[in-house]
1. In sequence order, what are the phi-derived ³J(HN,Hα) couplings for the stretch 55-62 according to the Karplus relation 6.51 cos²θ - 1.76 cosθ + 1.60 with θ = phi - 60°, rounded to whole Hz, with x for glycine and proline?
2. Which trypsin sites (Lys or Arg not before Pro) does the stretch 10-61 hold that lie in a coil by DSSP with at most 13 other beta carbons within 10 Å?
3. Report ³J(HN,Hα) in whole Hz for each residue of the stretch 6-21, in order, from the Karplus equation J = 6.51 cos²θ - 1.76 cosθ + 1.60 where θ = phi - 60°; Gly and Pro get x.
4. Magnitude of the Cβ-charge dipole of the chain, K/R +1 and D/E -1, about the Cα centre, nearest 20 debye?
5. Run the helix sum for the chain: -39,500 (n - 2.57) per DSSP H stretch of 4+ residues, divided by residue count, reported at 222 nm to the nearest 500 deg cm²/dmol.
6. Can you tell me the Rg and Dmax of the stretch 65-215, counting just the alpha carbons, in angstroms?
7. Using the alpha-carbon centroid of each, what span in Å lies between the stretch 80-131 and the stretch 135-165?
8. For the stretch 1-155, what Kirkwood radius comes out of the mean inverse Cα-Cα distance, in Å?
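The values are calculated or read from the model by the stated rules, or taken from the named source; none is laboratory data. None of the values given here were measured: they were computed from a predicted structure. Neighbour counts run over all protein chains shown; Cβ positions are idealised from the backbone, glycine included. Only protein heavy atoms, including side chains, enter the accessible area calculation; ligands, DNA and RNA are left aside. Shrake-Rupley method; radii C 1.70, N 1.55, O 1.52, S 1.80 Å.
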Amino acid sequence: MSSHRIVAIDGPAASGKSSVALALARRLGFSYVNSGAMYRAVTWHVLQHSVDVREPAAVVAKLEQSTIVCELVDNQSRILIDDHDPTSHLRDDNVNRAVSIVSSIPRVRQILVARMRECAKANNVVMEGRDIGSVVFPETPFKFYIDASPEVRVQRRQAEGQRDEIAARDRADSSRAASPLIVAPDAELIDTSALTIDGVVNEIIRRLKQKGLPI
Ligand code: DC
């Protein structure tokens, strides 16, 4: 178990997790780790190599031959695969379409969860994802599940100019067998539909103080 502090932020697509987790990390002086970006990065990598994402054995074989490094640069996570930085491709349409399939493969999750735990060994982190409070760091007392209405989430993606089938991704992420998106029983729930990013961050900080995080 890490002796560092971990704030877990889970929730469905376009719930506001990334903006909130990044702003929260800055306020706390913690590093920000985007676990969805890791699943997106490996998805981009296998697609680049024309691997059929519906063949789990082929996906796993490709990833096991690849060097996957997760590092913190300026207090933010960055993933390098075989020395390539896929950051500018993480929201490509083909990645949006394939990421739920790749992230449902148990061995892919095992590989990436090990990288996530590595990041928190030497750093205080705010980590966002789908299973951070339920599976990756179940022992942390600081876990939040943030959500917004489906209408608000679709509007947020459209405002970002993105084509992302969030309803289909949510269905896939919530119904998969391996570490599905669930609300951890001890997570604090926050509905962000009517809140600004700062409003959500202030609410999380208020609850973290109540839970004894020295801020
Ligand atoms: O947070 P995001 O929308 O960028 O995540 C992309 C996909 O990665 C998401 O559809 C499911 C997967 N994911 C996951 O399975 N577990 C996580 N901890 C984070 C993301």
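1. 10, x, 5, 5, 4, 5, 4, 4
2. Working: sites: Lys17, Arg26, Arg27, Arg40, Arg54; in loops: Arg54.
Of the trypsin sites (Lys or Arg not before Pro), the ones in loops of the stretch 10-61 whose Cβ has at most 13 other Cβ atoms within 10 Å are Arg54.
3. 10, 9, 9, 10, 10, x, x, 4, 6, 7, x, 3, 5, 5, 5, 5
4. 380
5. Numbers: 8 runs with 95 residues, N = 215.
So the helix-based figure for the chain works out to -13500 deg cm²/dmol.
6. Rg and Dmax of the stretch 65-215, Cα atoms, are 16.4, 46 Å.
7. That distance is 16 Å.
8. Value: 15.8 Å, from the Cα pair sum.
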